[in-house]
Each structure stands twice: as C-alpha cells, then as structure tokens.
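Quick one: this structure, given as structure tokens, is what I'll be asking you about.
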Amino acid sequence: MSTEAADLEQLMEQLAGVGVAMMIRVDVERFNEGKPHWTLFLSGPALHPDNTIRVDARSLEVSIASGLRRLREHDGGWQWLGDWV
C-alpha cells in the first residue's frame, strides 16, 4: 500500500465510485499528547448497517490499511482492495 498523493487520490476516487466517502484527518492536539492522531473515516450506504468505519492510528498508512481491511469485511465486491491493503 502506498500513500503517494496520486495513489491516495486514485483510491479515494475508486471508493467514491462505489458510494464510499473517505476523509482523513490529523489532529494536532492528540499529536501533542502522544495519542493516535491520524483518523480515517469511511462512510456510505455500502457500509450497512452502521454506514461508517472510523480508525484512529499513529500513522497515515496504518489508518488507511486498517480501515480498508475493515471495509473488506463488509458484504460486496471489495476484492479490488487487495491492491491497497
């Protein structure tokens, strides 16, 4: 899995194409406190029943990989995520 800007853009567009929104956040307060400061948030009807996946981690790559692994647990055609996880 790569987090190069172009790769991340491609991943986010692929997710949007199947109805999953993706947001990434870095929290300066949690960073300063030594807590997991990266948040990945996935949402959309494809994530039924909760419609969301949230992952807090200490690195961007870990947050993305963890979120995509959880997404693969949902019903649907998520095999293509194997290229990202």
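The values are calculated or read from the model by the stated rules, or taken from the named source; none is laboratory data. Keep in mind that this is a model prediction, so the values were computed, not measured. Every residue, glycine among them, receives a Cβ derived from its backbone with ideal geometry; neighbour counts consider all protein chains shown.
Go through ALA16, ALA6, ALA46, ALA65 for me and flag whichever is over 16 Å from TRP80 (Cα atoms), out of contact with any Cys (no Cβ under 7 Å at 6 or more places or on another chain) and either surrounded by 15 or more Cβ atoms within 10 Å (Cβ to Cβ) or not charged (D, E, K, R) (or both).
ALA6
Among the residues of the range 49-62, is any assigned to a helix (DSSP H, G or I), among the β-branched types (Val, Ile, Thr) and either within 13 Å of the chain's Cα centre (by Cα) or on the phi < 0 side of the Ramachandran plot (or both)?
Among the residues of the range 49-62, at least one is assigned to a helix (DSSP H, G or I), among the β-branched types (Val, Ile, Thr) and either within 13 Å of the chain's Cα centre (by Cα) or on the phi < 0 side of the Ramachandran plot (or both), which makes the answer yes.
State yes or no: is ASP27 modelled with pLDDT of 95 or more, surrounded by 13 or more Cβ atoms within 10 Å (Cβ to Cβ), more than 14 Å from the chain's Cα centre (by Cα) and of a type outside the set (A, V, I, L, M, F, W, C)?
yes
Kindly indicate which of GLY67, GLY82, GLY34, GLY44 is of a type outside the set (Phe, Trp, Tyr) and more than 14 Å from the chain's Cα centre (by Cα).
Numbers: GLY67 fails: more than 14 Å from the chain's Cα centre (by Cα); GLY82 fails: more than 14 Å from the chain's Cα centre (by Cα); GLY44 fails: more than 14 Å from the chain's Cα centre (by Cα).
It is GLY34.
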